[in-house]
Every structure is written in structure tokens, then in C-alpha cells.
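J.: Below you'll find the structure I mean.
Bear in mind these aren't lab numbers, they're just calculated from the coordinates by the rules spelled out. Just so we're clear, the structure is a prediction, and the values are computed from it rather than from any experiment. Methodologically, a virtual Cβ is constructed for each residue, glycine included, from the backbone with ideal geometry; neighbour enumeration extends over all protein chains shown.
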Amino acid sequence: MRDLAQGIADFQRDVFPAKEELFAHLAAHHSPHTLFIGCSDARVVPELITGSEPGELFVIRTAGNLVPAYSPGADGVTASIEYAVAALGVRDVVVCGHSGCGAMTALAHGHDLSGAPAVADWLRLADASVARTATAGDVQALVRQNVLAQLANLATHPSVARALAEQVLTLRGWVFDIATGRVEDLTATAGHAAAAA
């Protein structure tokens, strides 16, 4: 906790004064341009990867960057998607997977998750991704299939479907490679962005 407290002190001393005007604006304005759905993995930092300033990204982080298909009822991921798209009017949604994903590794290698039943239940949202991965145990292929599957799940959300139909929203699927810092745009190569837009 001492490191976090020191980080707050450093932020207040060094960072905030340099961005005081930006934060004054943000205190009364919230208009991010992109909804970024990424993994909860601490090594994947959306603002750092994209060079974004505070206020530019609306971020949802879930284990395995999983997005449940739409269903009525209280759900934090669904509510956050709806708020970003319908209330804030984001123009882009990025689903970002990454190399070395613990969730995808557990699925690809059939890890025993009996000691983490909530995790096991959550990862069942990736069953379609596992089924579409040609080679069992291929984590990188599963990461890619999972990003594409989550884009399909996103399109089931009424706010997203409406924005796509009105052509005011674009979906993108990325894979971030931790070791090289490279970002692969799966939608650029698969033609998915054009189909979704």
C-alpha cells in the first residue's frame, strides 16, 4: 500500500499540476470517443498502449476480455456497454485480447478450475472460442478466436446493434503482444470492421 500512497503523492505533485486544465474540463465533461474492453490482466494498460489522455477511453476490464451476449437483467458489463454506447455516444468499440492471457491459457490447456468456481463459470463464456480454435492447446489462436467471438457477442446488445445499424459505431478486435508492444488489428485483416460498420 505504501507504493500506491507514494504514487498518489507523486500524481498530486507532478502529474496533476501539468494537466490541471484538462482535469478542470473533465470535471464537467465526460465524452470518451472509444469503449475499450480489455482483459483484467495488470500487464495490459489501455491508456498506456493507446497513448490516451484521461477522458478519452471508457474502459471495461474483465477476465479474458469476455463480453456476455445480451440478456435482460442486472449485469455490470452489459450496463457499462449500454452506458458507453447509448448515453456517452462512443464512436468506436475495441475488444483487446493479449499474449499470455491466463484465462485463455487455462482454457487451452484444460486447467483444473474447481478451486475457483466463479472463474470457471465466467470462462464458459469462451466455449464458442474454444470450439472454433483448430488446434487444441494453441493459446495464441484461442486468444484471436476469443476476440472475434466477443465482437459477435457485442453485436447482440441492443444499443450496439442500433448504433451499428445507424452506422455511427465501429467494432474493432485487437491482440496486444506484451513482449513486443505490437497490436494486431484482427478486424483489419478479417474484414470484420467493414462488415460491422
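J.: R0 = 25 Å: FRET efficiency of PHE11 with ALA86, Cβ-based, nearest 0.05?
T.: 0.20
J.: Order 35-48, 17-30, 106-119 from most to least packed using the mean count of other Cβ atoms within 10 Å.
T.: Top to bottom by mean Cβ count within 10 Å: 35-48, 106-119, 17-30.
J.: Further, regarding this structure: Each residue of the stretch 140-149 in turn: what ³J(HN,Hα) in whole Hz from Karplus with 6.51, -1.76, 1.60 and θ = phi - 60°, glycine and Pro shown as x?
T.: Rounded to whole hertz, the list is 4, 5, 5, 4, 5, 4, 5, 4, 5, 5.
J.: Here is a follow-up. Just to be sure I understand: with springs between alpha-carbon atoms less than 10 Å apart, which residue in GLN12, GLN167, GLN150 has the highest mean-square fluctuation in the Gaussian network model of the chain?
T.: GLN12
J.: Right, next: Which residues in the stretch 51-69 place their backbone N less than 17 Å from a point set 7 Å from the Cα of LEU26 along the Cα-to-Cβ direction?
T.: 51-61, by backbone N distance to the label point.
J.: Here is a follow-up. Positive end of the dipole of the stretch 1-97, charges at C-beta (+1 Lys, Arg; -1 Asp, Glu), about the Cα centre: which of GLY64, GLN12, VAL94 has its Cα farthest in that direction?
T.: Toward the positive end, the furthest listed residue is GLY64.
J.: If you don't mind, another one. Quick one: which residues, 5+ away or cross-chain, put their amide H under 5 Å from the amide H of PHE58? H built at 1.01 Å from N.
T.: THR34, LEU35, PHE36
J.: Determine the gain in length on full extension of the stretch LEU4-HIS109; use 0.36 nm per residue of separation and subtract their C-alpha separation, reporting nm with one decimal.
T.: Working it through step by step, the gained length comes to 34.3 nm.
J.: Work out from phi, with θ = phi - 60° and the Karplus expression 6.51 cos²θ - 1.76 cosθ + 1.60, the ³J(HN,Hα) of each residue of the stretch 48-64, listed in order in whole Hz, and give x for Gly and Pro.
T.: Rounded to whole hertz, the list is 5, 4, 9, x, 8, 8, x, x, 8, 10, 9, 10, 10, 10, 9, 4, x.
J.: Still on this model: Place +1 on the Cβ of every Lys and Arg and -1 on the Cβ of every Asp and Glu in the chain, take the dipole about the Cα centre, and give the residue among VAL160, LEU142, ALA24 whose Cα lies farthest towards its positive end.
T.: Looking along the dipole axis, the top candidate is LEU142.
J.: If you add up the charges near ALA86, with Lys and Arg at +1 and Asp and Glu at -1, over every other residue whose beta carbon is less than 14 angstrom from its beta carbon, what do you get?
T.: Local net charge: 0.
J.: I've got another one for you. For the chain, what is the convex hull volume of its Cα atoms per residue in Å³?
T.: Enclosed volume per residue, from the Cα hull, is 151 Å³.
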